[in-house]
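The values are calculated or read from the model by the stated rules, or taken from the named source; none is laboratory data. Source: prediction; values computed, not measured. Don't worry about glycine lacking a Cβ; one is built from the backbone with ideal geometry, like all the others, and counts go over all protein chains shown.
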């Protein structure tokens, strides 16, 4: 059995485009994790961040990371030429030190520029190697459960090397444990958290989501304000490990202290759909948010800046994931084609921002790379992201006083091509 001081290599995958934000977040976790975790952040690669530390580091990252998709513990790494090499490397790992034969397993394999002809066959070889390891020692083999496995094993192959990981997370980390209902195309929680960090939002800065959908961005921001760790309401695979240190885990979970409840609202949301507003309200409650987040049912092109306790308009950040198709047309002219509705909507929304939101920084997350043209605005910045396989941009527009007057005097230049 491993020593509590043993250091392991970890890989934390994340949505593409959030590698730098994740590395920054993991460094912050490392500062508070204490010497026993020995968490050190190493290099960023496309799709994730490599780091190292003791098992306590895995506990800390799973509990506190808002951006990572999983925390994978490296079991073995080496070169390969064919599926038999993958089998041999997997067979050589001491899986029995980590989990019991009674635990169910699932194997997933990811490949980049691999010469392997069949990923399905290679995945089967990894599964066979783990089962054969147990069979050799205990005359029993673990069962496969692809839906709700106790243990997930992740393989990764590139052109020359194979790495096999034991997943310490279980369910993906964006599943915070509070969401029951979503809209048609919900933003994943870890992507929402990454967008908040990329936008530079911090607690105390007014944040407005005028197309809030099921409320993912607001729920992430609210939990950050409340000081609630993203993993506080869920279970993890490492809790089933043979070497799980329950006392250390409960000490880590009990170590955080919620922040004082804010006395005045700084988070605001609205949506064209009353059902979505009500769903956001329910999701905030499920997420453990015990302070006021004012929500309105209103069309995005009709919004006004929220006000403080004295009725003065606030200045802050708008961050939103604009909807597509049906939600834009909820109250639109159903006879118009979607493209025309889309153009009309963003033209009107842009006018509202320019006329009413001077001083605000506006961040729109969209897969439509031509969004600045629809808005008739030049973006101050555009940050590339991937929402799954979908290439997206986080566009930043800075609303300055007198925008409309300048726009009338001088046309905005055409958006540069990516």
Report task. Would you check if there is a residue in region 165-185 being more than 22 Å from the chain's Cα centre (by Cα), assigned to a strand (DSSP E or B) and at pLDDT 95 or above? Result -> no
Query raised in the report: Taking into account only those residues within region 128-146 that are in contact with a helix residue (DSSP H, G or I) (Cβ under 8 Å, 6 or more places away or on another chain) and assigned to a loop (DSSP other than H, G, I, E, B), which is farthest from residue 114 (Cα to Cα)?
Result: 140
Query raised in the report: Residue check, residue 255 against (1) more than 16 Å from the chain's Cα centre (by Cα); (2) at pLDDT 95 or above, all met but one. Which one?
Result: (2)
Query raised in the report: Of 114, 118, which residue is modelled with pLDDT under 95 and either under 22 Å from the mean Cα position of the chain (by Cα) or crowded, with 18+ Cβ neighbours inside 10 Å (or both)?
Result: 114
Requested in this report: Please go through region 32-87 and pick out each residue that is over 28 Å from residue 187 (Cβ atoms) and out of contact with any strand residue (DSSP E or B) (no Cβ under 9 Å at 6 or more places or on another chain).
Outcome: 34, 35, 36, 56, 81, 82, 83, 84, 87
Requested in this report: Inspect all residues belonging to region 242-254 and state whether any of them is touching a residue at least 24 places away in the same chain (Cβ under 8 Å) and touching a strand residue (DSSP E or B) at 6+ places or on another chain (Cβ under 8 Å).
Outcome: no
Query - Residues satisfying the stated conditions in region 358-371, i.e. at pLDDT 95 or above and farther than 20 Å from residue 197 by Cβ - result: 358, 359
Query raised in the report: Is there a residue being within 24 Å of residue 194 (Cα to Cα) and either in contact (Cβ under 8 Å) with a residue 60 or more places away in the chain or under 18 Å from the mean Cα position of the chain (by Cα) (or both) anywhere in region 89-106?
Result: no
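A quick yes/no check of all residues on (1) in the same structural domain as residue 29 (by TED's automatic domain parsing); (2) surrounded by fewer than 24 Cβ atoms within 10 Å (Cβ to Cβ); (3) over 19 Å from residue 385 (Cβ atoms); (4) out of contact with any helix residue (DSSP H, G or I) (no Cβ under 7 Å at 6 or more places or on another chain):
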site: 204; (1), (2), (3), (4): no, yes, yes, yes
site: 211; (1), (2), (3), (4): no, yes, no, no
site: 221; (1), (2), (3), (4): no, no, no, no
site: 241; (1), (2), (3), (4): no, yes, yes, yes
Query - Complete set of residues in region 45-66 that are free of Cβ contacts under 8 Å to residues at least 40 places away in the same chain, assigned to a strand (DSSP E or B) and surrounded by 15 or more Cβ atoms within 10 Å (Cβ to Cβ) - result: 48, 49
**Report entry** Matching residues, region 147-157, being surrounded by 13 or more Cβ atoms within 10 Å (Cβ to Cβ) and either part of a strand (DSSP E or B) or without any contact (Cβ under 8 Å) to a residue 60 or more places away in the chain (or both)
**Finding:** 149, 151, 152, 153, 154, 155, 156, 157
